[in-house]
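Trainee: After the C-alpha cells below, expect a handful of questions from me.
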Amino acid sequence: LHIKGTTNEKIRLQDDQDGGDPYMSFYDNEERRAYIQSVNVTGTSTGNELRLVSEAGEITFRTADTDGIRQSVPAERMVIRAGGKVGIGTTAPGQMLTINGDDGFNSGIGLQRAGTLFARIVTDSEGLKFQTHVAGDGYYFRNSANQTNLFIGDNSHVAIGESSTGTGLNYPMGLTSS
C-alpha cells in the first residue's frame, strides 16, 4: 500500500513476498526518513522485535500538557539524538542520559520496588540528593563481589567495611568512634 501526497509518496506499508519483514516507511520528497518494522529475530526468547528507526537523525516523543489538554504543538518530553544521547525534559542532552526537571524533589529519578516509591535521586541548588522512603533502609556502597564497603544508615550511622546497625562511626578493625 502506497499513500501519496500531491506529488510524491509519503507512506508505504509493505510486507515483502520474499520472506522479508513487514514495515511502514515515511518519505519526504522521495527520500525515506523513518520506518517502523516488525522483525523476526532468531535466537531471542520472543522471536520478534519492533524497530523504530529515524534515518533523518533523531526520534522525539511529544505529549499534551500535564492536565491532558491538547496543544497545537505538543511539548517535546523526550528525545533520542542521532548519536544516541537521550534527553528527558530537555531537547539538548549533554550526556548519554540527561534528565532535566524543575519540580523540586519530584524531578529526577524515582526508583520503585513492588510498585511503591522506594528511593529518589535528584539535584537542586544544594547539590545531589539521595532519599529512601522506607524507614530503616540505608545506603549501601558495594564492590563487585556485592560486599558492603560503606554503609550510611537512617540514624546517621556510618560503617566502613561493614553494614552493622550500630551508632556513630564503625571501622572494620573493631575500633568504634561515637
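A short reminder: the numbers here are calculations on the coordinates, not readings from a lab. What you are looking at is a predicted structure, and each value in this text was computed from that prediction instead of being measured. So basically every Cβ, Gly included, is an ideal-geometry build from the backbone, and we count neighbours across all protein chains shown.
Trainee: Report the gain in length on full extension from residue 3 to residue 148: 0.36 nm times residue separation, minus Cα-Cα distance, nm rounded to one decimal. Mind dumping the intermediate values first?
Mentor: Numbers: separation 145, 0.36 × 145 = 52.20 nm, distance 6.02 nm.
Length gained between residue 3 and residue 148: 46.2 nm.
Trainee: Quick one: the Cα spread of segment 96-142 along its three principal axes, in angstroms, biggest first?
Mentor: Ordered largest first, segment 96-142 gives principal extents of 28, 23, 22 Å.
Trainee: Please work out the FRET efficiency for the pair residue 69 and residue 91, using the Cβ-Cβ distance as r and a Förster radius of 25 Å; give the result to the nearest 0.05. Intermediate values should be presented prior to the final figure.
Mentor: Working: r = 21 Å, r/R0 = 0.84.
After rounding to 0.05, the efficiency reads 0.75.
Trainee: Determine the gain in length on full extension of the stretch residue 54-residue 30; use 0.36 nm per residue of separation and subtract their C-alpha separation, reporting nm with one decimal. Please report the intermediate quantities before stating the final value.
Mentor: Details: separation 24, 0.36 × 24 = 8.64 nm, distance 1.53 nm.
My answer for the length gained is 7.1 nm.
Trainee: Another question about this same structure. Length gain on complete extension for the stretch residue 102 to residue 82, per 0.36 nm per residue less the alpha carbon to alpha carbon distance? Each step should come with its number before you reach the end.
Mentor: Working: separation 20, 0.36 × 20 = 7.20 nm, distance 2.58 nm.
4.6 nm is the gain from fully extending residue 102 to residue 82.
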